[in-house]
Amino acid sequence: MSIPVISFVAGRSGSGKTTLLEKLIKRLKEDGIRIASIKHDAHEFDIDKEGKDTWRFAQAGADIVAISSPQKVAIIEKVNQEKTLDEICAKISDADLILTEGFKLGSKPKIEVHRSEIHGELVCNSSELLAIASDVEWNVGVPCFHINDIEGIAGEVRRYMAKFSAAISTYQQTH
């Protein structure tokens, strides 16, 4: 895959992952970065509204339902087992960066979002971490940013994107 992926993870709900990602996406968009985001939900979800045409098609037995307009497209696919992050990312082609919320058990580089009142310890090993965004300082061998330091976190993401791009370029030149 030639699109860098960074997973934002936390030990518990309420740590601020969604809020941080929302601010980070807005900041990175100012730099002209095309971003795909993927949210992991450990529970069943439904984005189709009861009674709408796509919901009716799914109720009739369609395994894949898509809706398209001039501004956006959505595809809802029933699966027998949860797709891996790599399988989901493989369906994304027109992005410069993929940011995920969740997937803490995945193999992608992670930025752990930590709030001391929510969770005492970090949930990831430092070897899995690109950085930490926290309300307290951590000294575990990776950069630690205050959870509200969107500029600093955006800088770390841009540094990772540059390293990723250089590694892809080197690989392509040698193969």
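Read the figures in this text as sums done on the coordinates, not as results from a lab. From a predicted model like this one, the values you see are computed outputs, not experimental measurements. Because the Cβ atoms are built from the backbone with ideal geometry, glycine has one as well, and the counts that use them run over all protein chains shown.
The table for this structure:
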{"read-out": "The chain - Rg and Dmax from Cα coordinates, angstrom", "value": "18.0, 55"}
{"read-out": "Rg/Rh for the range 64-133, where both radii come from Cα atoms and Rh is the Kirkwood radius", "value": "1.07"}
{"read-out": "Reach of residue 108 by Cα under 29 Å, taken over lysines that are not fewer than 8 positions away in the same chain", "value": "17, 23, 26, 29, 39, 72, 78, 83, 91, 163"}
{"read-out": "Mean residue ellipticity (222 nm) of the chain, computed from DSSP H runs ≥ 4 via -39,500 (n - 2.57), nearest 500", "value": "-9500 deg cm²/dmol"}
{"read-out": "Ratio of the Cα radius of gyration of the range 1-98 to 2.2 N^0.38 Å, where N counts its residues", "value": "1.25"}
{"read-out": "Extension gain from residue 23 to residue 170, taking 0.36 nm per residue of separation minus the Cα-Cα distance", "value": "49.7 nm"}
{"read-out": "Cα-centred dipole magnitude for the chain, charges only on beta-carbon of K, R (+1) and D, E (-1), debye, nearest 20", "value": "340"}
{"read-out": "The range 106-175: mean projected area of Cα convex hull, nm²", "value": "5.5"}
{"read-out": "Taking the range 1-89 and dividing mean pair separation by its residue count, relative contact order in percent (alpha carbons under 8 Å, at least six apart)", "value": "10"}
{"read-out": "Length-normalised contact order for the range 44-171 - Cα pairs under 8 Å, 6+ apart - percent", "value": "11"}
{"read-out": "Antiparallel DSSP beta bridges within the chain, percent to nearest 5", "value": "20"}
{"read-out": "Förster-model FRET efficiency, 35 Å R0, residue 94 and residue 137, C-beta, rounded to 0.05", "value": "0.35"}
